[in-house]
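Each remark here refers to the structure printed beneath this line.
The values are calculated or read from the model by the stated rules, or taken from the named source; none is laboratory data. What you are looking at is a predicted structure, and each value in this text was computed from that prediction instead of being measured. Cβ coordinates were reconstructed from backbone atoms using ideal geometry, including for glycine residues, and neighbour counts include every protein chain displayed. Heavy atoms of the whole protein, side chains included, go into the accessibility calculation; ligands, DNA and RNA do not. Shrake-Rupley method; radii C 1.70, N 1.55, O 1.52, S 1.80 Å.
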Amino acid sequence: MATSNGYGSISSTSLATAQPQPSGDSSDNVIRTKILLVGLRKSGKTSIYETLFNDCDPKQTFYLDTSTRITRHTYDTAIPLEIWDCPGIIAPETLGGQLSQFSSLIFVIDIQNLLQEPIAKLVDWVAAVYRYNPLMNLEVFVHKADVLTEDYKWDAFRTIQSRVNDEIQETSEEYEQISVNFSLTSIYDHSLHESFSKVLQKLMDTMPAYEELINVFCANSQSSKAFLCDIKSRLYLATDASPVDTQDYGLCADYLQMLNSFGPLYRSATASPPRHRTVGALHSPPPELSNPASPIVPLSAISSASQTPKVQVFPIPSTSPTPPTRSSSSASNPQPEASTGRQQKLKNLFYPSASTSLLPSSSSARTLTYYLITPHLALLTLLPTSVFEDKRGLVEYNVVFLREGVQEIYEVEDELRRGG
Amino acid sequence: MGASGSGKTSMRSLIFSNNPASLTSRLGATIDVEQNHVRFLGDLILNLWDCGGQDAFMDSYLSTQQSTIFSHVGVLIYVFEVMSQNMQKDLEYYTDCLKALRKYSPEASVFLLVHKMDLVRAPQRRTVLDKKMRELKQVSGEMAVTLFGTSIYDETLYKAWSNIVHTLIPNVSILTKHLTTLADACSATEVVLFERTTFLVIATSAPPPTTTEPPQPISPPTVPSPNTSEGSTSSHRNAFSGSSTPFGPTSRTTSPPPPPVTSPLSSSTLDFSDDQSVTQDANGDPTPSDPHQLDATRYERTSELIKAFKHTCARVRDEFHTLEMELADFTAVLDELTKNTYVLVVVHNPTIETAALRMNIRLARKKFEEIQGDNVVA
């Protein structure tokens with residue numbers, strides 16, 4: 001069920017012992033933010049991971065096997081993450097001192113399990129956290145909320161919350177310093193995505209910077225709401241300062257999911273062009289993404305539009321009668337160096353975008369727009385349709401600046417984590 | 001028709017009433033026959049008879065109500081559950097219904113849906129479905145039946161129903177022809193026509209005669225075309241390098257010409273392509289099958305995705321209107337064409353802007369409304 005659409009890199013290593021390898025061993029030498037996922041058996045930890053990060057359909061999680069080992073998953077988004085999915089039987093002592101390398105701990109409780117057991121376990125973890133890593137974020141997901149109706153849901157939630165707090169207090173007064181956040185979640189709606197998004201945002205140092213960028217964008221484009229989302233998981237990493245309406249977020253997340261599913265449907269084996277027009281050093285070879293064997297014809301010499309430094313690339317799978325008249329760029333042997341990005345800073349000029357106009361019901365008509373920002377992130381905004389139709393060029397102009405800002409911030413963070 | 005609990009009313013609710021799949025569990029048993037009048041494509045009205053499947057009802061259909069139920073039937077859709085408890089009984093009822101149908105409406109077409117396929121684990125689905133299909137074909141005797149495996153939780157249901165209504169639409173070939181003209185005008189790979197409420201596929205454009213190359217510019221400049229720039233670029237793509245075409249390098253007209261002119265149009269395109277046969281061959285093998293190798297399930301998946309998204313929008317109390325996207329692999333515009341249909345234009349040429357596609361759609365609207373206006377149900 002793991003799908004890789006070229007955007008996120010996901011790798012999972014299952015470890016035989018309960019002693020997971022320390023982080024310095026990770027294959028790409030990047031400092032990763034670590035999240036620990038714990039809870040009792042059958043509370044839903046692995047299904048949370050699978051639904052969010054592995055494109056698993058919520059109904060298919062029924063068929064997941066019980067985890068037996070600690071599984072380390074890596075996931076790349078605005079920040080590189082490492083998520084440890086622990087089976088229910090793991091006790092805090094097993095990890096011991098390693099707890100200090102984690103930034104966040106998520107404890108999953110099944111909402112129907114109102115017995116003492118999960119709460120006792122939680123208190124054990126709180127104790128361990130207090131001992132090894134008092135600064136860690138402790139989150140509690142009261143999961144499987146879809147099972148109960150609205151009223152019972154919130155009742156059970158409040159019950160669990162108060163019982164946990166009582167228990168913590170009783171065990172030791174010092175533990176009160178540890179702040180615990182509770183959220184009500186379910187894989188069948190967007191509550192899980194929202195809660196996990198908030199967890200992620202706390203872990204991102206760069207989040208305020210992204211937020212600022214988005215605020216400026218929203219102010220200037222009259223957008224009512226904007227989310228910077230991770231494409232694969234549909235979590236939002238930053239948004240503007242206005243309060244988040246769950247329904248708006250749900251709409252954006254569903255839109256993103258639809259666009260993700262739509263992409264592969266009409267992908268053509270022969271005619272889908274790599275649309276990467278690039279601006280960079282002259283004579284730099286264009287990035288090659290498909291058909292490496294076919295000769296590439298830079299058509300800017302022939303094209304009527306005057307676009308001097310840009311090179312448009314179409315993969316024509318045959319020889320063209322007119323050889324390229326300009327540029328020493330080797331038509332037959334393009335180097336994919338551009339993808340490593342460091343040596344030649346080629347600026348991509350094409351980014352996918354989409355927009356959907358919605359008809360008004362109560363308030364004015366809105367348009368939902370999607371702009372790709374980096375290969376992992378996309379900007380989803382809700383704009384008034386009148387603004388979008390009249391001033392689309394300006395809005396997209398603003399998006400360009402937002403994009404550059406986000407990319408710069410991302411690059412700085414990336415450099416830092418790679419051991420700069 | 002079908003056994004009790006086989007999923008007939010859920011199907012109807014999903015496709016025609018726009019309820020999401022998750023809410024179908026709330027539907028109760030159908031008592032006797034429920035009739036739905038569904039307005040399809042403006043003038044076509046589908047009279048859907050959802051017959052309760054419980055034994056008492058089935059017995060009455062086959063005895064006292066036989067002539068009421070089985071006369072004047074256009075299509076019989078019989079639903080079987082893939083994991084049926086009592087297949088023998090189902091088959092008995094089915095053969096009886098088939099006999100009655102042959103007696104009262106011999107011209108009716110028969111579709112068999114093997115439903116709830118999601119209950120079968122994915123790897124075994126193909127084998128289970130094949131086995132069921134063989135069984136059903138055998139039972140049906142010499143009656144020509146079309147079989148589909150379906151589930152309300154994925155796109156297979158849309159595929160089956162699109163096929164079913166496709167047979168009911170009287171002028172599919174005209175629609176296809178006009179959609180192909182629209183596809184040509186937009187330099188599109190494909191144009192798909194959907195019905196507005198159910199989002200079932202009504203017709204699609206025919207794939208281009210040779211390869212994927214955008215078609216040649218044609219002369220009658222009755223309407224200034226927004227495609228001028230990409231017309232020239234795309235023709236240059238064929239490496240004509242400035243050679244003048246027999247028709248002149250001017251605009252493409254977007255309003256499809258009235259029918260008498262259409263045939264010269266298509267024949268001239270063909271002649272033209274014969275002249276330039278060198279280029280055509282050079283552009284790769286002109287396979288008769290789909291050179292793009294687009295996903296075979298794309299139509300029904302599109303129906304499913306858009307329907308699901310429409311439903312999400314409805315939940316936020318906003319109504320879905322149009323959609324346009326410029327993705328890495330293609331550009332597409334989904335817009336309303338007439339008051340009952342939506343059109344999806346898919347383009348693989350990266351130089352074409354969505355605004356141009358929208359304009360073409362706008363200009364084609366009048367023609368399509370005309371076609372549908374002439375569409376009278378027999």
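Summary table below
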quantity	calculated
Test result for B:T322, within 9 Å of another protein chain (Cβ to nearest Cβ) and buried (at least 19 other Cβ atoms within 10 Å of the Cβ)	no
Of the criteria (1) out of contact with any strand residue (DSSP E or B) (no Cβ under 9 Å at 6 or more places or on another chain); (2) under 22 Å from B:V38 (Cα atoms), which one B:Y153 fails	(2)
Out of B:F70, B:F111, sole residue that is in contact (Cβ under 8 Å) with a residue 40 or more places away in the chain and of a type in the set (A, V, I, L, M, F, W, C)	B:F111
Filtered residues of the range A:261-275 (kept if surrounded by fewer than 18 Cβ atoms within 10 Å (Cβ to Cβ) and either assigned to a helix (DSSP H, G or I) or modelled with pLDDT of 85 or more (or both))	A:S261, A:G263, A:P264
The lone exception for B:A29 - which of (1) farther than 30 Å from B:I202 by Cα; (2) at pLDDT 80 or above; (3) surrounded by fewer than 20 Cβ atoms within 10 Å (Cβ to Cβ) it fails	(2)
Which numbered condition B:T181 fails, given (1) within 24 Å of B:G74 (Cα to Cα); (2) at pLDDT 85 or above	(1)
Residue, nearest to A:I187 (Cα to Cα), within the range A:211-236, restricted to residues that are surrounded by 21 or more Cβ atoms within 10 Å (Cβ to Cβ) and either within 14 Å of chain B (Cβ to nearest Cβ) or touching an Asp or Glu at 6+ places or on another chain (Cβ under 6 Å) (or both)	A:R234
All positions within the range B:3-18 that are under 17 Å from B:K310 (Cβ atoms) and surrounded by 17 or more Cβ atoms within 10 Å (Cβ to Cβ)	B:S13, B:L14, B:I15, B:F16
So A:E337, is it open to solvent by 30 Å² or more (accessible area, probe 1.4 Å), within 11 Å of another protein chain (Cβ to nearest Cβ), at pLDDT below 85 and not in a loop (DSSP other than H, G, I, E, B)	no
The range A:177-224, subset aromatic (F, W, Y) and touching a residue at least 60 places away in the same chain (Cβ under 8 Å), residue farthest from A:V406 (Cα to Cα)	A:Y188
Residue tally, condition among the polar types (S, T, N, Q), facing chain A (nearest Cβ under 7 Å) and not in a helix (DSSP H, G or I), over the range B:297-317	0
